[in-house]
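First up is the structure itself, then whatever we jot down about it.
The values are calculated or read from the model by the stated rules, or taken from the named source; none is laboratory data. Note that the structure is predicted; figures quoted are calculated from it, not measured. Cβ coordinates were reconstructed from backbone atoms using ideal geometry, including for glycine residues, and neighbour counts include every protein chain displayed. These accessible areas exclude ligands, DNA and RNA; they are computed on the full protein's heavy atoms, side chains included. Shrake-Rupley method; radii C 1.70, N 1.55, O 1.52, S 1.80 Å.
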Amino acid sequence: MAWFKRSKENISPESRKTDLPDGQWSKCEDCGEIIHNKQLEVNLWMCPKCQYHFRIGSDQYISFIFDKNSFKEYDKKMRSGDPLEFEDTKRYKDRINATIKKSGLNDAIKTGVGKIEGQKAAFACMDFGFIGGSMGSVVGEKIARIIDVAYEDKIPLVIISQSGGARMMEGAFSLMQMAKTSARLARHADAKLPFISVLTDPTTGGVTASYAMLGDVIIAEPKALIGFAGPRVIRQTIGRDLPEGFQRSEFLLENGFIDFIVNRKQLKEKLSHLLFYFNSN
Amino acid sequence: MAKNVLDFEKPIVDLENKIDEMRKYEGHLDIADEIKVLEEKVNQLKYNIYENLTRWQKVQLARHPERPYTLDYIYMITENFIELHGDRLFKDDHAIVGGLAKIDYAKVMIIGHQKGRDTKSNLFRNFGMPNPEGYRKALRLMKLAEKFNIPVFTMLDTPGAYPGLEAEERGQAEAIAKNLLEMSRLKVPIIITIIGEGASGGALGIGIGDRVLMLQNTWYSVISPESCSSILWRSWDYKEQAAESLKLTAEDLLEQGIIDRIIPEPLGGAHKDHHLMADTLKKVLLEELNSLRKIKPEKLVQNRLEKFGKMGVYVD
């Protein structure tokens, strides 16, 4: 007899293991192709064989979306203030400091202003590598401020989301960032300024349920996980496996919640076209 | 004997049972003095226990199955309530109720999460967990209120937005996000009251307003203590600690500047005296409404933007 018995029979094991080759090579999570890192970079971190989009951070997006040397970062040094003096198995303060050291980022977002094919835009891009791209006070405040910049300068706004949701360690403060950013977007919209929301893998929880879903145009990278509740929670709720492709970009497109799916290689071009259409000048 | 006794209430109930027992013999024996002593003791005990609740104990009180729910308050504090149904897109969600009502001389649109009291009504109400159509109904009613310059009261009491398959298909996240945006620019006064559980985005989805009030024994946070425990401690057993860490009680949120006011509950919780609770709530709501009425709509919206804009702690 088995020692452990699965309590819910319709549920299959959590995840498959991936073994990454050392050093200069990366393995495609989708097709298993082994790719040299240099080749990956040239290909904008997509698998040359199957077009699988590797998860990348804000620096990488900035590097290929903005015209050369046009991007200026704002509020670079802002850090979390640990308002609750939160402690789980670790102190939040320690977790933050360790993550800053490890990732070289100060929090899960970079904001700034730059030019996309010559068109000025306010910009924010999240980083999953910083505590799961979670939204706490810093993410909320930096987004609010960059929306203010867009509002004051009357320029469009582009946000690339990549987040597991709101950051638990800041409790209700994290929750209120959803309110703060949405309220700013309302003012931005009232001023007839465009907002383009780009969803990447993954965009879930409080981020999806606030600014990520409030774009005038919402676009997504292929096969990105996008949803409110995480798939694990839903699986537990309904007690069976989820259908293939559930909560992926293609599923959202089918259900009418995003405008189109964009291959990373065409992201800059599509953004610049959209900015052109919405430009009032 | 009272049902639904929480662990920490047991000493009170034991003593109360003892008093009841003694009362049976009161006619035969001269024990009036002894009963009196015990009654004083029980009052003292109640005071000690209920005034020194831990955060987890408050979470338990917030979920007490005998607490008044949105419709109970509506029936107790308003007249001529007309419930309005449906989001005009898909269906009527029973986990969020709403409609027009008269509270003293004020016309209001009242919207709130609705839980059930037994298995059957809980299934009907989906345990107070809305689907997207619930948030869309709420928004429809708020826009209707705005059109006719009627203030909006919302009552929050949910374990969360429903994490189901169809909810995702129909855009749970989009429905909540849209409400946040639209509520932040609605041109009528909005007063939010957390009457039970304020769980995350599912609560906030009808939770943006000019005043945010919390009943004394309720909680409001980004996640429930149980889910927080399971994610950060990788076990369901640390819910008490998670509740402490999350600082999710009315007192905590007032201190954090996230809510404006705590509404006192009867000793032992709102469920101990529904009418007393409703009277207090009504008084506070009317008071807050009167102060908001004086503010022009544009200013109201501007204040709301600034109010939520201030929330957050960071090092610049």
Problem - Those residues of the range B:122-166 for which accessible area with every protein chain present is at least 40 Å² below the isolated value (1.4 Å probe) - result: B:163, B:165
Completion exercise
Rounded to a whole %, the carbon-and-sulfur portion of the accessible area of chain A at a 1.4 Å probe is 48 percent
Handout entry: Accessible area that becomes buried as A packs against B, both chains, 1.4 Å probe, Å², nearest 100
Key = 4400 Å²
Handout entry: In Hz, Karplus ³J(HN,Hα) per residue of the range B:288-295 (6.51, -1.76, 1.60; θ = phi - 60°; x = Gly, Pro)
Key = 5, 4, 4, 6, 6, 4, 6, 8
Practice task
Averaging over all projection directions, find the projected area of the Cα convex hull of the range A:206-281 and quote it in nm² with one decimal place.
Solution key: 6.0 nm²
Exercise for the section: Considering Cα pairs under 8 angstrom that are at least six residues apart, work out the relative contact order of chain B and quote it in whole percent. Expected result: 15 percent
Fill in the blank from the handout: Rounded to the angstrom and largest first, Cα extents along the principal axes for chain B equal 69, 51, 45
Exercise for the section: Please name which of B:159, A:34, B:215 has its Cα lying farthest along the dipole of the protein assembly as shown towards the positive end, using unit charges on Cβ (Lys, Arg +1; Asp, Glu -1) and the Cα centre as origin. Expected result: A:34
Exercise for the section: Please work out whether the range B:97-209 counts as rounded, prolate or oblate from its C-alpha gyration tensor, where a ≥ b ≥ c are the square roots of the eigenvalues and a/c under 1.5 means rounded, while otherwise a/b larger than b/c means prolate and anything else oblate? Expected result: oblate
Exercise for the section: Among A:163, A:63, A:210, determine the one that fluctuates most according to a GNM of chain A built with springs between C-alpha atoms less than 10 Å apart. Expected result: A:63
Handout entry: Quarter of Cα convex hull surface for the range B:7-52, i.e. mean projection, nm²
Key = 2.9 nm²
Exercise for the section: Filter the GluC sites (Glu not before Pro) in the range A:236-281 to those in DSSP coil with at most 10 other Cβ atoms within 10 Å of their Cβ, and list the result. Expected result: A:244
Handout entry: trypsin sites (Lys or Arg not before Pro) within the range B:217-300, DSSP loop, no more than 11 other Cβ atoms inside 10 Å
Key = B:234, B:294
Practice task
Just report the Cα centroid separation between the range A:247-281 and the range A:110-176, whole Å.
Solution key: 18 Å
Fill in the blank from the handout: Ranking A:271, A:191, A:80 by how far each Cα lies towards the positive end of the charge dipole of chain A (+1 on Lys and Arg Cβ, -1 on Asp and Glu Cβ), the top one is A:80
Practice task
Could you pull out every whole DSSP H run in chain A that spans at least 15 Å of Cα extent along its own axis and averages -1.0 or higher on the Kyte-Doolittle scale?
Solution key: A:137-153, A:171-190, A:267-278
Handout entry: Helical contribution to [θ] at 222 nm, DSSP H n ≥ 4, -39,500 (n - 2.57), averaged over chain A, rounded to 500
Key = -10000 deg cm²/dmol
Fill in the blank from the handout: Computed over chain A, the relative contact order (Cα-Cα under 8 Å, seq sep at least six) in percent reads 14 percent
Fill in the blank from the handout: So, relative contact order of the range B:147-226 in percent, Cα under 8 Å, 6 or more apart, is 38 percent
Practice task
Using only Cα atoms, locate the centre of the range B:230-253 and the centre of the range B:137-181, then give the distance between them in Å, rounded to an integer.
Solution key: 26 Å
Practice task
Report, in deg cm²/dmol and to the nearest 500, the calculated mean residue ellipticity at 222 nm for chain B, where each DSSP H run with n ≥ 4 adds -39500 (n - 2.57) and the sum is divided by the residue count.
Solution key: -14000 deg cm²/dmol
Completion exercise
Listed residues A:234, A:143, A:116; largest mean-square fluctuation, Gaussian network over chain A with Cα springs below 10 Å, found at A:234
Completion exercise
For the range B:120-180, listing chymotrypsin sites (Phe, Trp or Tyr not before Pro) in a DSSP loop whose Cβ sees at most 12 other Cβ atoms within 10 Å gives B:148
Handout entry: Cβ-isolated cysteines (cut-off 4.7 Å), chain A
Key = A:125
Completion exercise
Scaled by the rule-of-thumb 2.2 N^0.38 Å, the alpha carbon Rg for chain A gives a ratio of 1.04
Handout entry: Choice from B:224, B:200, B:291 showing the highest fluctuation, given a GNM over chain B with Cα pairs closer than 10 Å
Key = B:291
Fill in the blank from the handout: Using a 1.4 Å probe on heavy atoms of the protein chains only, the accessible area for residue B:23 in Å², nearest 10, reads 100 Å²
Exercise for the section: Kindly write out, for the range A:68-82 in residue order, the coupling ³J(HN,Hα) from the Karplus curve 6.51 cos²θ - 1.76 cosθ + 1.60 (θ = phi - 60°), rounded to whole Hz, with x marking Gly and Pro. Expected result: 3, 6, 9, 8, 10, 7, 10, 6, 4, 8, 4, 10, 5, x, 6
Exercise for the section: Can you send over the solvent-accessible area of residue B:123, 1.4 Å probe, protein chains only, in Å² to the nearest 10? Expected result: 120 Å²
Handout entry: Segment residue B:273-residue B:36, extension gain: residue separation times 0.36 nm, minus the distance between their alpha carbons
Key = 83.0 nm
Practice task
Give the accessible area for residue A:265 in Å² (nearest 10); use a 1.4 Å probe, count only protein heavy atoms, and leave out ligands, DNA and RNA.
Solution key: 120 Å²
Handout entry: Under DSSP loop assignment and at most 12 Cβ neighbours within 10 Å, longest chymotrypsin sites (Phe, Trp or Tyr not before Pro)-free interval of chain A
Key = A:5-281
Exercise for the section: With label points built 7 Å along Cα→Cβ from the Cα atoms of residue B:4 and residue A:77, find their separation and express it in nm. Expected result: 5.4 nm
Practice task
At 1.4 Å probe size, with every protein chain present, just tell me what the per residue accessible area of the protein assembly as shown comes to in Å².
Solution key: 46 Å²
Exercise for the section: Could you compute the FRET efficiency for residue A:70 and residue A:265, with r as their C-beta to C-beta distance and R0 at 25 Å, rounded to 0.05? Expected result: 0.80
Exercise for the section: Please give the direction-averaged projected area of the C-alpha convex hull for the range A:51-168, in square nanometres with one decimal. Expected result: 8.2 nm²
Handout entry: J(HN,Hα) series, the range B:74-79, from Karplus relation 6.51 cos²θ - 1.76 cosθ + 1.60, nearest Hz, glycine and proline x
Key = 4, 5, 7, 10, 10, 10
Exercise for the section: Ratio to report: Rg/Rh of the protein assembly as shown, with Cα atoms as the point set and Rh obtained by the Kirkwood method; give two decimals. Expected result: 1.01
